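Notes for the one structure printed next.
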Amino acid sequence: MNVNYAVSPVRKAVLGLLAPLIYTSSVMATENSVESTPNTGVTPYIVNGSNASVTEFPSMASLFIDRIDYDGVYSTGPYCGATILDPTHILTAAHCIYGDESAQLFTVVVPQLQDTSQFPNGSIEKVRVSEVFYPSNYSNSLNDLLRNDVAILKLESALNIDSVNDIVKRPTSEGYRSSLETYTAVGHGDTRSGFDGTTLLQKADLNYVDNATCATAGFIDDAALTNKQICFNGNYSSSTGLFNGTCQGDSGGPVYWRDGVDYRQVGITSFGPGTCGGTSTITSVFTEIYDYKDWIDSVIAGTETAKFVSTDAKRTAYAGTTSSGSGGSGGSVSFGLLGALMLLGGFRRVISR
């Protein structure tokens, strides 16, 4: 995924004030120079990865911006990863969607995407998001290390998938928390900070790190790490000079635990070090989904209230407002690297010509 951001001078100044251990990626940008409600984009990709097959990880999904039917605009790559809970519910990170009306209105989910270059014109399935859910106690703050960084997207219509074999397999306990277990992160995107070496789905093995060790990694506030977050590092590659990990572009995507038979998702990619794979202590921090099992089940059961509801009328009104006076004729929106630090706030939309 190509990197193409327009960052305001104010935000450049903010970047210099934040601790350099955190990376994140952006969600969607607003039209022209109007800035949205402050949000944190966290988007990791896979460092030292190898090609992965969607048949091996069938619950994998990708989030794109698709305004083609409204003003011709679409994203050139996925802005976040996700996984399939059932044919109408998608699991991702809250920071991917929080506080960004454009992303909430125009996100489409593409299941089991092997090659991102297939969007939007390839033989792929894409379904619009109709409702957005995230915990009321989600903190969109670096100081809180994106506490409760989990979201569920309800779809307008059901995905054409196997409703038994293509959905997330969740753990039944936290017994997997051991350095002896096998973990694999999966996603599309950068193979190192600021560089996207492939459009193919990638995977990389990770090593479990206990929270006591993780809390000494040098975050903005180490005490903010909770037991609802799970940490990993990775093996060193002499060819890249980096450690296995996630990087900009795949926030919201999964880390799986191999239970001996199945891949079970244990975490949602949340944040990591400023240089992807650049530290041996911690290369990735994930939201641990077992701790949110009751909330996830409540959303699926329809007993939670959506934080945002998207409709065709809202999308039409928004596209008409943001397109007026832009002087453009549509195009693609590129998402990618924020640099070594998290950028608090919305971003200007960049239209390729």
Environment charge of L201, counting only residues whose C-beta is closer than 11 Å and scoring Lys/Arg +1, Asp/Glu -1: -2
Whole-Hz couplings from phi, Karplus 6.51/-1.76/1.60, listed for region 265-272; x for Gly and Pro: 6, 10, x, 10, 4, 10, 7, x
Net charge, A52 excluded, C-beta distance under 14 Å - Lys, Arg +1, Asp, Glu -1: -2
By average C-beta atoms within 10 angstrom, highest first, the peptides 314-320, 141-147, 165-171: 141-147, 165-171, 314-320
Where Rh is the Kirkwood radius over Cα pairs, Rg/Rh for region 89-167: 1.02
In sequence order, calculated HN-Hα J values of region 291-304 (Karplus, 6.51, -1.76, 1.60; Hz; x Gly/Pro): 5, 10, 4, 5, 5, 4, 5, 5, 5, 4, 6, x, 9, 9
Peptides ranked, highest mean first, by Cβ atoms within 10 Å: ranges 58-67, 285-294, 172-181: 58-67, 285-294, 172-181
Residue order, fewest to most beta carbons within 10 Å, for W295, W257: W295, W257
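Each reported figure results from applying straightforward, stated rules to the coordinates on display, with no laboratory input. Computed from a predicted structure; not experimentally measured. Every residue, glycine as well, gets a Cβ built from its backbone with ideal geometry; the counts of neighbours run over all protein chains shown.
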